[in-house]
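Everything on this sheet refers to the single structure shown next.
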2 protein chains.
Amino acid sequence: MRIRLTDIAEHAGTSISTVSRVMNGKPGVADDVRQRVLAAMDLLGYERPKQTRGRAAGLVGLVVPELSNPIFPAFAQAVENVLAMHGYTPLLCTQSPGGTTEDAYIDALIDHQVDGIVFVSGLHADTRAHHGRYHDLATRGVPMVLVNGYAPDVPAPSISADDAAGVELALRHLVSLGHRRIGLVVGQERFVPAQRKTAAFVRCLVAMGLAGDEAEARTHVVTSFYSLEGGQASTTELLASGHTAVVCASDMMALGAVRAASAAGHDVPRGLSVVGYDDSLLAAYAHPALTTVRQPVDAMSQAAVSTLLAQIGGERVSRTELLFAPELVARHSTGTAP
Amino acid sequence: MRIRLTDIAEHAGTSISTVSRVMNGKPGVADDVRQRVLAAMDLLGYERPKQTRGRAAGLVGLVVPELSNPIFPAFAQAVENVLAMHGYTPLLCTQSPGGTTEDAYIDALIDHQVDGIVFVSGLHADTRAHHGRYHDLATRGVPMVLVNGYAPDVPAPSISADDAAGVELALRHLVSLGHRRIGLVVGQERFVPAQRKTAAFVRCLVAMGLAGDEAEARTHVVTSFYSLEGGQASTTELLASGHTAVVCASDMMALGAVRAASAAGHDVPRGLSVVGYDDSLLAAYAHPALTTVRQPVDAMSQAAVSTLLAQIGGERVSRTELLFAPELVARHSTGTAP
């Protein structure tokens, strides 16, 4: 099976002569068409000729916390796609417990003169971490953008999913199913997204009449680690106090919630309704498939790169946080209250 | 909640004085203990002081094909852990259709004088791709190691999962459950792992008396793309020809096989048994949880880094391929033949 130009043209929805122009690095092809032709070559397994490469615009660092929660590979892939489309070579820096730190990565990226850095859920999101590292970068004039973790003191643009809106979506969905005793399963409160989810949850619970006041609402929040085990432990606690539904701060935590329900002899959703957060790869394939709050990963990544490139291009960019509206994806882990 | 030294010491299973030595960058702490202390700090959210950093040994490039199949983030994380433990800063280079190519990454890594490159399932695994890029690297004296895709012409050490052994494990498992009509769902045959799986499958089918000869055995192999959709299409074909079990070349393909069975009105495993390959994150959480062939990712990553570091240290390393034995993880997608 050899790959012919017609196959590539058909796959990319364009003409053979356009494919030929792209392959020979000729001008006169719109960016999006060129991109579709390159993607078709890759998907069909046609080894790209060197001429298709385009100018190398430089390196951009992309710092993410770890790859074991699939939302981070999703962000990495989306940001890299957009960077590559603009000719930049993305360098992905991922962390792990005991591994290379964010600071060590920053040093390496600076040593190699990156044009800018995208931070996804980095130490900027940790209200207890020192932000000196970001101030240093700003002083050196390194363009950067912070994703999911607004740090008002850091002079850099921020892009976040609207956590408050996400929690409200989840709560409205559960209330419409008849749930009245709803808990929040969330990670360590020193992280900005955890604080925002908790604040929104407490506010909504009172506003919806599910708690008399904020102090009472807070008793429905259980804080733990952002992991499957964390979700399992918190949910076990909430089940013991008679909750019929939980809103989880990540899909990994939601998988833990499902496990806690099983361990306590409850079926999901009959005995417990579970809402996840992220809509990562796991959510659709989990059993039961998770109802979850989807982060608009592509739109957020697009905005992050645009903002970074504007800075690289010497533009002044706004430091007002851009909030992206999440959406609720209803699958099979939520049902009517027992 | 403030983190105390006693918490870190307890988590790392060591003494407070050892934690204090690590925090102050003092010598006299064994490497593995030091590592446990750093991991405990990270897990508990204790921001590591600069002194814990150790010497920066240099950059190592890690080239993986994409992040949407969770086996690649798993390899990336494992290789990065081992590199970080040896003081190297890993730079992860991931691809996507239409995105940055392997060649562009190689150029960027060379420009920035990496000490070596680990290639996971790169173009070395594609028998139709030109291997000139690897010969160039070898000529320049860049240490490298190839994971999962043995290329006999490339002068570099190779580390692979033993695909033939994996396929045999899967077949023995299915035969022990009474299956006689078993198909292989595999990706494009230009990739070394696909060729090896196909060859082993054909050989075993004949040896086990499930096919009269190799030509007949080949009729039970359906080749497609390495994706969920590919697995779904191939399995639909195999179901139509009366197969009761399929061995899939990846967990993503196995998820597609389950989907094909559902679409044809079959329950898994009652109507069709499905074996995946990789044991990526998805396998355990899928519904039904996938029986799959586990790649020994940690052992392979450890060996890849050791081999690379030996080269960086000026040692001559063997180019004989190191094959790692996979194991069968039996979960709920396989059952007795109908």
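The values are calculated or read from the model by the stated rules, or taken from the named source; none is laboratory data. Quantities reported herein were computed from a predicted structural model and do not represent experimental measurements. Glycine also receives a Cβ, built like all others from the backbone with ideal geometry; neighbour counts cover every protein chain displayed. In case anyone asks, the SASA skips ligands and DNA or RNA and just uses the protein heavy atoms, side chains included. Shrake-Rupley method; radii C 1.70, N 1.55, O 1.52, S 1.80 Å.
Distances in nm, one decimal, shortest first, from A:Thr139 to the same residue in every other copy, taking the label point 7 angstrom along Cα→Cβ. For A:Thr139, the other copies' label points sit at 4.7 nm, shortest first.
Distance between the pseudo-spin-label points of A:Ala199 and B:Leu5 (7 Å out from Cα toward the beta carbon): 3.6 nm. Considering only A:Asp107, A:Asp31, A:Asp213, the mean-square fluctuation computed in a Gaussian network model of chain A, springs between alpha carbons under 10 angstrom, is largest for A:Asp31.
In Å², nearest 100, what accessible area do chains A and B bury in total when the solvent probe is 1.4 Å? In total, this chain pair buries about 4900 Å². Here the Gaussian network model covers chain A, with springs between Cα atoms less than 10 Å apart; of A:Val317, A:Val37, A:Val79, A:Val37 fluctuates the most. With kT/(6 pi eta Rh) evaluated at 4 °C and eta = 1.567 mPa s, and Rh the Kirkwood radius from Cα pairs, region A:117-168 diffuses with a coefficient of 113 µm²/s according to Stokes-Einstein.
Largest first, the extents of the alpha carbon coordinates of region B:163-295 on the three principal axes equal 36, 28, 24 Å. Bridgeable lysines around A:Lys50 (alpha carbons under 24 Å apart, same-chain partners fewer than 8 residues away excluded): A:Lys26.
Every pair of different Cα atoms in chain A enters the Kirkwood calculation, which places the hydrodynamic radius at 21.7 Å. Helical content alone sets the calculated 222 nm signal of chain A at -13000 deg cm²/dmol, taking -39,500 (n - 2.57) per DSSP H segment of four or more residues and averaging over every residue.
Helix A:192-207 and the longest principal axis of the Cα set of chain A meet at an angle near 40°. With the convex hull drawn over the C-alpha atoms of region A:56-118, the volume per residue is 64 Å³.
Just how many % of Cα pairs in the protein assembly as shown lie over 49 Å apart, if you round to the nearest whole percent? The answer is 13 percent, as a whole percent. Take every DSSP beta bridge whose two residues both sit in the protein assembly as shown; close to 15 percent of them are antiparallel. Charged side chains reduced to their Cβ positions (Lys and Arg at +1, Asp and Glu at -1) give region B:5-51 a dipole of some 220 debye around its Cα centre. Once you divide the Cα radius of gyration of region A:5-51 by 2.2 N^0.38 Å, the number left is 0.96.
Full extension of the chain segment joining B:Arg270 with B:Glu237 gains 10.1 nm, where the gain is 0.36 nm per residue of separation less the Cα-Cα distance.
Compared with the dominant Cα axis of chain B, that is its longest principal axis, helix B:297-312 is turned about 50°.
Axis angle, to the nearest 10 degrees, between helix A:71-85 and the longest C-alpha principal axis of chain A: 20 degrees. Of the trypsin sites (Lys or Arg not before Pro) found in region B:1-84, the ones in coil according to DSSP and having at most 13 other Cβ atoms within 10 Å of their Cβ are B:Arg2, B:Arg4, B:Arg55.
Distances between copies of A:Pro338, taken at a point 7 Å out from Cα along the Cα→Cβ vector and listed shortest first: 3.4 nm. Computed from the alpha carbon positions, the gyration tensor of region A:1-158 leads to an equivalent ellipsoid with semi-axes of 37, 16, 13 Å, biggest first. When B:Ala30 is represented by a point 7 angstrom out along its Cα-to-C-beta vector, the spacings to that point in the other copies are 6.5 nm, nearest first. Peptide A:276-289 has a mean shielding of 3, counted as Cβ atoms of other protein chains within 10 Å of each residue's Cβ. The candidates A:Arg316, B:Arg270, A:Arg181, arranged from most to least accessible area with a 1.4 Å probe in the full protein assembly, appear as A:Arg316, B:Arg270, A:Arg181. The modelled label-to-label distance for the pair B:Ser176/A:Arg128, using points 7 Å beyond Cα in the direction of Cβ, is 4.8 nm.
Considering only A:Asn81, A:Asn148, A:Asn24, give the residue with the highest GNM mean-square fluctuation for chain A, with springs between Cα atoms whenever their separation is below 10 Å. Evaluated over chain A, the most mobile residue of the options is A:Asn24.
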